[in-house]
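Reviewing the structure listed below.
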There are 2 protein chains.
Amino acid sequence: MQTSMENRQDRLKKDETGSLISADKVHGTDIYNRRGDNLGEVENVMIDKRTGKVAYAVVTFGGFLGIGAERRALPWSVLTYDVEKGGYVVDATDDVLRQAPVYGVEAENDPEWGNRVHGLFGVPPYWH
Amino acid sequence: MQTSMENRQDRLKKDETGSLISADKVHGTDIYNRRGDNLGEVENVMIDKRTGKVAYAVVTFGGFLGIGAERRALPWSVLTYDVEKGGYVVDATDDVLRQAPVYGVEAENDPEWGNRVHGLFGVPPYWH
């Protein structure tokens, strides 16, 4: 996110109060690994139409870890917002992050795809 | 949404496959009442940080029903996507829609606010 600290504070006031956060605020938010390296930013969030649960963050990696500028899918449940960093920390090893699949229609149409992604990150699927 | 039918089809291919929909696609999507009147469009979606569930659609009404161009909150569960209309139908009477609360920080900080909004629309709160 390329906003100044002041702008971020304004946005927090407007879009993140109590337990809710707006999808607009999630978009463009930085992603960090456990060591605090900046990996990229959230490009979009994918919502399960039936249950209304956020399933994936689609993240654009910035080249760190040798991951090219591709749209990768991360299960929403592996992201934790870190107020000090002003971004999400991904609870996963670098090795797992490198294996994060590219997000695309063909992947989503494969019913086993969701199981594989959540299995990779060691979290229950969003539909459970 | 001011896109042509062709653009909408392209976006559907890219952002809405299977059971998932991107927040980007939800933004700007038209909202209709039960009779098919265009009420306005979705400006944002509010996500519950703890559970990852979409709580509210923040909708900008366009003056229909005498509702001014304000950001109003609708429980996500009262919206159903209508493929033919290319937008969401709100399952509520005009009278209920007129009472939809303006979305703001002060409302969100009130713990009873969520109960009142969901009660107005006759749906269980998103945290149930």
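Check each of the chymotrypsin sites (Phe, Trp or Tyr not before Pro) in segment A:70-128 and keep only those in coil by DSSP with at most 14 other C-beta atoms within 10 angstrom; list them in order.
A:Trp127
In segment B:41-127, which GluC sites (Glu not before Pro) are in a loop and have at most 11 other Cβ atoms within 10 Å, using DSSP for the loop call?
Within segment B:41-127, the qualifying GluC sites (Glu not before Pro) (loop, at most 11 other Cβ atoms within 10 Å) are B:Glu84, B:Glu112.
If the limit is 22 Å between Cα atoms, which of B:Lys25/B:Lys85; A:Lys85/B:Lys25; A:Lys25/B:Lys53; A:Lys53/B:Lys49; A:Lys49/B:Lys53; A:Lys25/A:Lys85 go over it?
Exceeds cut-off: A:Lys85/B:Lys25.
Can you list, shortest first in nanometers, how far A:Leu65 lies from the same residue in the other copies, with each label 7 Å from Cα toward Cβ?
The answer, with the shortest distance listed first, is 4.5 nm.
Name the nearest-to-axis residue of chain B, judged by Cβ distance to the rotation axis taking chain B onto chain A, and quote that distance in whole Å.
Axis-proximal residue of B, distance in whole Å: B:Ala23, 2.
Hey, if we sort B:Arg116, B:Arg50 by accessible area with the 1.4 Å probe, largest down, what's the order?
B:Arg50, B:Arg116
Between B:Phe64 and B:Arg116, what FRET efficiency comes out of the Förster formula 1/(1 + (r/R0)^6) with R0 = 22 Å and r the beta carbon distance, rounded to 0.05?
In this case the efficiency is close to 0.40.
Could you calculate the FRET efficiency of A:Val102 with B:Lys85 from 1/(1 + (r/R0)^6), where r is the beta carbon distance between them and R0 is 35 Å, rounded to 0.05?
Plugging the Cβ-Cβ distance into 1/(1 + (r/R0)^6) gives 0.60.
Report, for B:Gly28, each distance to the same residue's label point in the other copies, shortest first and in nm; define the point 7 Å along Cα→Cβ.
1.5
With contacts defined as alpha carbon pairs under 8 Å and 6 or more residues apart, what's the relative contact order of segment A:23-121 in percent?
This gives 23 percent for segment A:23-121.
In nm to one decimal, list the spacings between the B:Pro125 label point and its equivalents in the other copies, with label points set 7 Å along Cα to Cβ, shortest first.
When each copy's label point is compared with this one, the spacings are 3.0 nm.
The values are calculated or read from the model by the stated rules, or taken from the named source; none is laboratory data. Just so it is clear, the structure is predicted and the values come from calculations on it, not from any experiment. Because the Cβ atoms are built from the backbone with ideal geometry, glycine has one as well, and the counts that use them run over all protein chains shown. Areas reflect the complete protein model, heavy atoms only, side chains present, ligands, DNA and RNA absent. Shrake-Rupley method; radii C 1.70, N 1.55, O 1.52, S 1.80 Å.
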